[in-house]
Amino acid sequence: MTGPLDGIRVLDVSALGPGPFCSMILADFGAEVIEVLRPDRRGPDPAAFLRRGKQTITVDLRTDDGPEVIARMAKGADVLLEGNRPGAMERRGLGPDSLLARNPRLVYTRLTGWGQTGPYAQRAGHDVNYLAIAGALGVTGRDEPVAPPALLGDLAAGSLLAALGTVLALFERERTGVGQVVDAAIVDGAALLLSAAFGELASGMWKGGRGTHVLSGAAPFYGVYRCADGGWFSVGAIEPQFYAAFVEILGIGELADGQWDEGEWPARRAQVAEVFASRRRDEWTVAFEAADACGAPVLEIDELSQDPHLAERGTVLDYDGRLHAAPAPRLSGHQARVPTSGPVAPTDVLQAFGFSPSEADRLIAQEIVQSG
């Protein structure tokens, strides 16, 4: 499969966290991605579900020769992606100064939670912690913060912006001929996602506070409601024409006036909830299909492949015995499809990076390098 990143070679040593998703995005668009695995993997490996389109190889960095294997591979790569705490790669002789000296065109992408600098840089942390510090968690939910399962922080604020930073650095390399270091921190990305909220605070459109924003569920015309069968239905009828259609569908025309009377919102929300609870989710789906009222059912993940819109676009694909989301965004010059990959012998991977057959055989025999 070719794509806009065809000919770009990515060495992903991030192993855990949002790194593998970042490199999967790059692979989706044609990059040759070699993901370096750790020999001491324990328990569930979420990264295993993010390896489409990649080659894998296991390198034991605890051995004397392991770091030099990575350094030599980085010399033949366009991008190195890592997700360790600051200083960890430097202690192995694999920091950006060392690798860029050997390969000045290398884009060295560092994807972490706290970033490379600052008093928290060496702290342990996970998605929920980064969102909390960046302010993104504080604006979710109504009565208490609600942490989305590693979507908003690790993937949206982390992986996607790391992929963007990598592509930006590659683009600039076309002009300058040299690579650079990309410091992709989830806290930075999460704060960036609050850009509209900062503007609303500054302009007085929103006074701040959880559960008070029009898009946080406080307004009766924006949020989710439980249906008679236990399913959920979403509504986003903000504009006047959509709001008018919304109250008409629900048969509560008496609420047509006073849409923005915040004092009435709690009572109106309770009334809307009572109406939604009177019919099944699929009934509401049919009712909203016939009108422009900004309503849609809340689908469970196992329902996605049956949705007619997602099915026609091929948004969710059945590949390798499980569901995949198709590559996004879509480019007119390239078909959005899940890239295929198969097992690759570690000898072949090493030789592609310039190792001789005898060097590859020795590294494999000593279990410094193993199959992925």
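The values are calculated or read from the model by the stated rules, or taken from the named source; none is laboratory data. None of the values given here were measured: they were computed from a predicted structure. As a convention, Cβ positions derive from the backbone with ideal geometry for all residues, glycine included, and neighbour counts pool all protein chains shown. Areas reflect the complete protein model, heavy atoms only, side chains present, ligands, DNA and RNA absent. Shrake-Rupley method; radii C 1.70, N 1.55, O 1.52, S 1.80 Å.
As a test of the formula, what do you get for the chain when each DSSP H run with n ≥ 4 contributes -39,500 (n - 2.57) and the sum is divided by the residue count, at 222 nm and rounded to the nearest 500 deg cm²/dmol?
On the way: 14 runs with 125 residues, N = 372.
It comes out at -9500 deg cm²/dmol, rounded to the nearest 500.
From Cα pairs below 8 angstrom and at least 6 apart in sequence, can you work out the relative contact order of the chain, rounded to a whole percent? Intermediate results must be reported in sequence, preceding the final value.
Numbers: 624 pairs, mean separation 62.6, N = 372.
Averaging sequence separation for qualifying contacts and normalising by length gives 17 percent for the chain.
Provide the per-residue ³J(HN,Hα) series for the range 218-235, in order, calculated from phi with Karplus coefficients 6.51, -1.76, 1.60 and θ = phi - 60°, each as a whole number of Hz, with x at glycine and proline positions.
For the range 218-235, the Karplus-derived couplings read 6, 6, x, 9, 9, x, 10, 9, 7, 9, 4, 8, x, x, 10, 10, 9, 9 Hz, x marking Gly and Pro.
With Kirkwood's inverse mean 1/r over C-alpha pairs for Rh, give me the Rg to Rh ratio of the range 87-224, two decimals please.
Details: Rg = 18.4 Å, Rh = 16.9 Å.
Value, to two decimals: 1.09.
Work out the length of the dipole vector of the chain about its Cα centre, built from +1 on the beta-carbon of each Lys and Arg and -1 on the beta-carbon of each Asp and Glu, and round it to the nearest 20 debye.
Working: 33 positive and 48 negative charges, 225 e Å.
Using only the charged Cβ atoms, the result is roughly 1080 debye.
What is the distance in Å between the Cα centres of the range 291-317 and the range 152-169?
For the range 291-317 versus the range 152-169, the Cα centre distance is 26 Å.
How much of the accessible area of the chain, probe 1.4 Å, is carbon plus sulfur, in whole percent?
On the way: 10220 of 18910 Å².
Carbon with sulfur: 54 percent of the solvent-accessible area.
Would you give the gap between the C-alpha center of the range 185-204 and the C-alpha center of the range 68-132, rounded to a whole Å?
Each part reduced to its Cα centre gives a spacing of 26 Å.
So I have (1) 17.4; (2) 21.9; (3) 18.9, and one of them is mean projected area of the Cα convex hull in nm² calculated from this model. Which one is it?
(2)
For the range 247-372, report the convex hull volume of the alpha-carbon atoms normalised per residue, in Å³, without decimals. Provide the component values of the computation, followed by the final result.
Details: hull volume 29.6 nm³, N = 126.
With only Cα atoms used, the range 247-372 gives 235 Å³ per residue.
Compute the signed sum of charges (Lys and Arg +1, Asp and Glu -1) over the other residues within less than 12 Å, Cβ to Cβ, of Ala157. The partial results should precede the final answer.
Details: positive: none; negative: Asp127, Asp154, Asp188.
Cβ neighbours under 12 Å give a net charge of -3.
Given Cα pairs under 8 Å that are at least 6 residues apart, what percent is the relative contact order of the range 1-159? Can you show the working numbers first?
Details: 247 pairs, mean separation 34.2, N = 159.
Over the range 1-159, the number comes to 22 percent.
Measure out, as a whole number of angstrom, how far apart the alpha-carbon centroids of the range 229-256 and the range 1-28 sit.
Answer, in whole Å: 43.
Find the relative contact order for the range 20-85 and round it to a whole percent, using C-alpha pairs within less than 8 Å whose residues are 6+ positions apart. Provide the component values of the computation, followed by the final result.
Numbers: 56 pairs, mean separation 20.9, N = 66.
About 32 percent, as a whole number.
Mind checking which of Gly354, Gly115, Gly19 has the largest fluctuation in a GNM of the chain, springs on alpha carbons under 10 Å?
Of Gly354, Gly115, Gly19, the most mobile in the Gaussian network model is Gly354.
Restricting attention to the alpha-carbon atoms of the range 148-286, what are Rg (one decimal) and Dmax (integer), both in Å?
Computed over the Cα atoms of the range 148-286, radius of gyration and Dmax are 21.0, 66 Å.
Projected onto the charge dipole of the range 66-141 (+1 at Lys/Arg Cβ, -1 at Asp/Glu Cβ, origin at the Cα centre), which of Met89, Asn103, Val139 gives the Cα projection farthest towards the positive end?
Of the candidates, Asn103 comes out farthest on the positive side.
For the chain, what is the accessible area per residue in Å², given a 1.4 Å probe and the full set of protein chains?
Values: 18910 Å² over 372 residues.
Counting only protein heavy atoms, the per-residue value for the chain is 51 Å².
Across 5 Å bins from the origin, how do the percents of Cα pairs in the range 261-330 run, short distances first?
Over the range 261-330, the share of Cα pairs per 5 Å bin runs 3, 12, 16, 19, 15, 12, 9, 9, 4, 1, 0 percent.
For a quick check: with amide H placed at 1.01 Å from N, whose amide H comes under 5 Å from Tyr319's, ignoring anything fewer than 5 positions away on the same chain?
Those qualifying (amide H under 5 Å, at least 5 residues apart or on another chain) are His324.
Using all Cα-Cα distances in the range 235-298, what percent lands in each 5 angstrom bin from 0 up to the longest?
The percentages, shortest bin first, are 4, 18, 30, 29, 14, 5, 0.
Where Lys and Arg each count +1 and Asp and Glu each count -1, what net charge lies around Thr340 among other residues with Cβ under 10 Å from its Cβ? Let's see the in-between values first.
Values: positive: Arg52, Arg337; negative: Asp320.
Net local charge, Thr340 excluded: +1.
In the range 10-69, which GluC sites (Glu not before Pro) are in a loop and have at most 10 other Cβ atoms within 10 Å, using DSSP for the loop call?
Numbers: sites: Glu32, Glu35, Glu68; in loops: none.
Qualifying residues, ordered by number: none.
Go through Gly253, Pro329, Ala218 and say which Cα lies farthest out towards the positive end of the charge dipole of the chain; charges sit on Cβ, +1 for Lys and Arg, -1 for Asp and Glu.
Value computed over the given set: Pro329.
Ignoring solvent entirely, what values of log10 I(q)/I(0) come out of the Debye formula for the range 69-118 at 0.16 Å⁻¹ when each Cα is a single scatterer?
Values returned for q = 0.16 Å⁻¹ are -0.41.
Give the Cα extents of the range 10-155 along the principal axes, in whole Å, largest first.
Projected onto its principal axes, the Cα set of the range 10-155 covers 53, 34, 30 Å.
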